[in-house]
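Report on the structure given below.
Taken together, the values in this text are just the output of simple stated rules run on the coordinates, not laboratory data. What you see is a predicted model; the values in this text were computed from it and never measured. Neighbour counts are summed over all protein chains in view; Cβ atoms, including those assigned to glycine, are modelled from backbone coordinates with ideal geometry.
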Amino acid sequence: MSLIDGWSHRVRQWVNPQQHDRDLNDELSFHVEREAAQLAHNSRAPISAQDALVAARRQIGNLTWVREETRRVAGLATVDAFLQDVRFAVRSFRSTPAFTAIVVITLALGIGFTAAIYSAVNALLLRPLPFREPQQLMSVSLKIPGVAGRREIDNRRWSYPKVVAFRAAQSTYTDVTAWTLSQFTVRLGDKAHRVGGEYTDSRYLPTLGIGLALGKNFPNRDSLTSGAEVTVILGYALWRDTFGADSAIIGKTLQVDGFPFTVVGVAAAKFRGVSGEADFWMAAAAAPSGWGNSDPYNHSYFLLGRLKPGVTVAQATVAAAQVGAQVDAQFPSRDQSLGHWSAVAHELDGERTAPNVRKMLYILLGAVLLMLLTACANVANLLLVRASARQREVAVRLALGATRARLARQLLAESVVLALAGGVGSLFVGYTSVKMLASVQTLMLGQTNGFTGLGTAYMSAIQFDFTAFAVTASLALATGLIFGFAPALHATRTSLLTATKDSGNTVTIGPRRFTMRHALTIAEISFAVVLLAGSGLMIRSVNHLMSVRPGFDAAGILALRVNRAPEWSRDSITTYYDGVMARLSETPGVSGVAMSDCPPLARCGSADAFLADRPRPSNERMFGVGMHFISPEFPSLLKIPLIHGRAFTRHDDERAPRVALVSERAAKRLWNGDDPIGRPLAFSTATNKFDTATVVGIVGDVLYDSMDSRPVAEVYVSYYQTHFTYRMMLFVQARNSASNLTASVVNTLHAFAPGFPVHEIGTLDSRVNESMTNVRVTTGILTIFAVVALLLAMMGTYGVVAYTVSQRTREIGVRVALGATSAHISKLVLWHAVSLAAIGLGVGMAVAIVATTALRSMLYEVAPSDPVTLVGIVVLLGASVLAATWFPARKAMRVMPASVMRAQ
Amino acid sequence: MARDSATPRNDLLKGTLDMLILQTLAVQKMHGYAIAQRIEELSGGAIGAEAGSLYPALERVQKKGWAKSEWGVSTTGRRVRYYTITASGRKQLGIEISDFDAMFLAINRVLGRA
C-alpha cells in the first residue's frame, strides 16, 4: 500500500512539476498569512497587516530555499537537471546545424532503409508460412525431361487424375492434396461477386492444418465420381463481408459460374489458401464434367504434401522421382518425343517467392547493410571529430567545478537527443520506403505460366517490421553511444593542464598517426565503391535493356486474356471469338482488334518441327519452335513487319489449305538461307500428332520470352485452322489512350456474354514495363543506396581532412613562413585526401569485383568487370573526394603565418 | 545526484521531525501550518518546526507513502492542503517510537542515568 501511495505521489509530481510548484507556493503563502495573523494576534501594540506579513516572512526565513529544498526532496531537482541537459543539447545542436542535420539524416536514412528492406525480406522470405508446421509442407511438380534440344521443365502442374494416382502410390506423406486458383462469379440470390476461388479436395484444409469457423470440411470423396453433390467452403472474409456472417448459410446453394454448389463450411479467419488470393474453395473431384478435371492431360493443379514425421527432404526427393515414374507409366505422355515424365519435390517455403524476386531481395539486403555500415561509420566519424573539438570545453568546465557525473549526464542527454531525432526521421523514411516497396507490381507477369510465388508472399504483403526497426535502430544508436558518448566521457578525464596547453596548434613531427578517423573514412569510401559498382553495372544493364527492340510496337494496345467459358463447345468457339472481335472493333475508340494464344514476353506454346518435304528426322533432331495461334490481324496490329510473302487472311480457314507464317530466325535456322515460301512445314500438336502447313510468309522476330532473351524460331498458324483455342489473348488497338479503353472493353464483353471471364487486362506497354520491373526496381534502389553512400563518404573525407587542417594550422603557418607556396600547401592537403581515397578505392574495388558476381544473372550485356563502369567509379569518386577536400584545402592555403604566431 | 547537504545533526532531527509529524497527524488531518503550531504547542515552544524543515519533511513522508494530502477549504475559506496519515504511516509511527525509545534508553545508559 505504502509503495503504491508513495509512487502515485511521485508520478503525479513528475508528470506535472508545474502543478507541484503552484501547490507549494499556495501552501507557503497560506503558511505566511497564518503566521502573520498569529503575530498580529499576539502583538501587544496594534500592527498593520502589511507589517505583520513582513514580520512573518522574516520569522520563516528564506522562502526560496524552502521551495528548493522541498523540490529536492520531491526528486524534482533530477528532472530539472535532465530537462536542462536536454535544453542545452538542443541549443548546442542548433548552433551547429550542419553537423546535426548530417548526423540526423545519416541515421534516418541508414536505419530507415535497412528496416524497410528487412521488412521486405521478412515478408517475402523469412516469415513462416501461415500454416501448421510449414516446414513439413512440400510442393511436388511434374518434371518433363530435356529431350530434343528442349530445356528441362521441372515446375509443370498436375492433372487431377495424376494427383489421385500420385496419392495412391506414395508413402512419404501423411497426406497429399492439390489446388489451383481461378476467378469465378459467385451468385447467391440476386447478388453476384467476382472472386478468386481454389479448386481443391477434402485433404486440403487438414493437410495445411487449417480449421473451420463453421460447418464441415468437404465430404471425403476424392476419387472422381460423377453425379456426387458439388460442395463449396467459403472464406471467412467473403462469408462475413458479403454474406453478412449468416450462420444459416450452411446447406444453402450458391451459383458458381452458373453451376449450383452446396455450402458445407466456412474456413478459419484469415485463411486465403496457398495462393493467398482465394475467397472460397470447391471440391475438384465432384466438379461439373465440362470443367476438365477428369482429363488426365489437363495439367492445372499444384500438388502439395505434408511429410510424415522423420522423413527428410532428401528422402522425399528420391521418393517423388519413383512415384512420378509410376504416374507416368499409368498416364504415359501422348507425345512420345516428350520422353518419360517424372516428379520433383521442393520445400513449399522455398517456392513461395519467385527466384528472381528472391535474388533481388538478397542483393538489396546486402546493399542496404553496406549502406548502414557506411552510415554508422559516418556518424562515428562526425561524433569523433566533435568529441575531440570539445576536449577544451570539457576541461574548462571541469576546472570551473562541474562534476564528472554532471558532464557525463549532459553528454548522455546529447546522445539521446540526437538518437531520438534520428529515430523519428528513420521511422518516417522506413515507413515511406515500405509503402513504396509494397506498391511495386512485379509478379503479375509469368503467373500464367507456372508457380511463381505464393500470395502470402506478394510485394503487397510487405508491412513495416518493427522488430527490424528496433534491431537496426539499436545498432545505429549503439554506434552513436560508442563513438559520441564514450570519447566525450573519456574527454572528462583529461586534465585542464594538458588540454589548454596542447591547444591543437602543435607541429606534427614524424609520421602522422593512423587514427580511427582515417580507418572510418577509408571504410566509408570502400563501401561506397562497392555500392557504386553494383548500381553502375545495373544502370548500364537497364540502359541496354531499354534500347532493346522487342520486335513489336506496344503503343496504344490494350491486352486482355479471355478464357473459354465452360458452356462453349469447341466447335462453336471460333464463331464465338469472331463475334467478340466484331463487337470490340465496333466499340468507340477502337481502331483494331486481334487475337493470339500468347502475348509477347510471356512464353506459351512450343512444338517440334521438321521440313515435311524432307525425310522425317528422329525426335532428337527435330527443331524446337515457338507455336502461335493467331487471328489474321495479329502481325499488322502489333506492327510485326511482314518481310516476305503474304500474311493470313480470313479465307485461310478450316476448309482452306493449311498455311503458316515463320519468323526471320526460323527461316534462317530451318531453311538455312533457302526461301521457305511455298515449302511444307510439319509441327507437333497438342493431340500428339503432326500437322503440316505451307509457309506463305516471313515475319519479323519478336521476343516472346523476355527483353533480355534472344529471338528464337517462331511458327504462326491461323486460329481458324486449329482447335487449340482454350484461352486466348485479345489485343485492342486504341485510337487514343489504351488505358482509358479498359472499362468500355469490359462492358462490351459483358454485354456480349454476361460473366465473360476476363483476366490480366492492361496495356501492352505496361506488360513490357512490368517484365523489367525487377531489374528496374533493383537498379533504382541500388542507385539510391550508392548515392547516399557516396555522399556519406564525401562527408567523411571532408570531416577528417578539415579536422587535420585545423590541427596542423601552426605547422602550415610555419611552412608558409619558411617559403612554402600555396601550391605546396594545397598539395599537402590534397595528398592526404587522395591517399585516403586511393586506399578506399583499392579495397572497395577488390570487394566489388567479388560482390558484383552476385549480380551476374541480372545483368544484360554487361560483364561484372565492365571497364566503363569501373573507370566511371574512379572518376566519380576522384571528383567527389576533390570536391570534399576543396574547402579545407582553401582554408589551409589562406593560413597567414603572422596570425598563427600571434595566436600563440 | 547532487550531494545531500544535510549534516548528521540534521539527520537526527529529520528522523525525529517525521515521527513528530506522523504523531500529530495520527490524531486528526491538518494543514502544514497547523502541524507546525501543534508541535510547537505540545513541546511547550521547545521545538519550533520551521517551514524550511517542515515542508521538505511533508514531501518526504508523502513520498514514502506514510501520509497523503488533499486540497480542501480552510475555516477562513482559503484553499488549503490537508495531510492525512496512511495505514503504513501508523505502522511506521509505531516503529519510529520504539526505535526512539530504544535510542533514548541507550543514550541515557551512556550518560549513566539508567
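Suppose we flag GluC sites (Glu not before Pro) only when DSSP calls them loop and at most 16 other Cβ atoms lie within 10 Å. Which is the longest uninterrupted stretch of chain A? List each step's numbers first, then the result.
Numbers: sites that count: A:Glu152, A:Glu229, A:Glu567, A:Glu654, A:Glu861.
Value returned for the longest uninterrupted segment is A:230-566.
How high is the FRET efficiency between A:Arg409 and A:Ala55 when r is their beta carbon distance and R₀ equals 41 Å, given to the nearest 0.05?
Working: r = 43 Å, r/R0 = 1.04.
That pair, A:Arg409 with A:Ala55, gives E of 0.45.
Taking label positions 7 Å along the Cα-Cβ direction at both A:Asp613 and A:Arg87, the computed distance is 10.0 nm, reported to one decimal. Quick check for you: which residues of segment A:109-144 have the amide N under 18 Å from the point 7 Å beyond the Cα of A:Thr312 toward its beta carbon? Within reach of a label on A:Thr312, which here means backbone N under 18 Å from a point 7 Å along Cα→Cβ, segment A:109-144 contributes A:135-138. Using Cβ point charges alone (K and R +1, D and E -1), the dipole size of chain A about the Cα centre works out to roughly 3380 debye. Counted residue by residue at 0.36 nm each, then reduced by the alpha carbon distance between them, the extension gain from A:Gln183 to A:Thr649 reaches 164.4 nm. Helices in chain A that qualify as membrane-span-like (whole DSSP H runs, Cα extent of at least 18 Å along the helix axis, mean Kyte-Doolittle hydropathy of 1.0 or higher) are A:97-121, A:355-389, A:466-480, A:516-546, A:773-807, A:822-851, A:867-893.
Placing pseudo-labels 7 Å out from each Cα toward the beta carbon at A:Ala98 and B:Val27 gives an inter-label distance of 7.3 nm.
Given the DSSP H assignment, sum -39500 (n - 2.57) over each helix run of at least 4 residues in chain A and divide by its residue total; what's the result at 222 nm in deg cm²/dmol, nearest 500? List each step's numbers first, then the result.
On the way: 28 runs with 441 residues, N = 904.
After summing the helix terms and dividing by residue count, I get -16000 deg cm²/dmol.
Counting only other chain Cβ atoms within 10 Å of each residue's Cβ, the peptide B:59-69 averages 6.
Taken along the Cα-to-beta-carbon direction at a fixed 7 Å, the label points for A:Phe259 and A:Lys435 span 4.4 nm. When shorter helices are ignored and each DSSP H run of at least 4 residues is given -39500 (n - 2.57), the per-residue value for chain B at 222 nm works out to -20000 deg cm²/dmol. Extension gain for the segment A:Gln19 to A:Gln807, taken as residue separation times 0.36 nm less the Cα-Cα distance, is 278.6 nm to one decimal. Step through the table entries A:Lys359/A:Lys639; A:Lys270/A:Lys435; A:Lys359/A:Lys689; A:Lys162/A:Lys689; A:Lys143/A:Lys270; A:Lys252/A:Lys435, compare each Cα-Cα distance with 30 Å, and write down the pairs that go over it. Those over the limit are A:Lys359/A:Lys639; A:Lys359/A:Lys689; A:Lys143/A:Lys270; A:Lys252/A:Lys435. Note on B:Lys68: lysines with a C-alpha under 20 Å away, same-chain residues under 8 apart excluded, are B:Lys14, B:Lys29, B:Lys91.
Figure legend: label point modelled 7 angstrom from the Cα of A:Asp246 along Cα→Cβ; residues of segment A:167-211 with amide N under 16 Å from it are A:186-193.
Counting charges near A:Arg386 (Lys, Arg +1; Asp, Glu -1) among other residues having Cβ under 11 Å from its Cβ returns a value of -1. Between A:Asn122 and A:Val787, the C-beta separation translates, for a Förster distance of 22 Å, into a calculated FRET efficiency of about 0.30.
Neighbouring Cβ atoms from other chains, within 10 Å of the Cβ of residues in B:44-55, number 4 on average.
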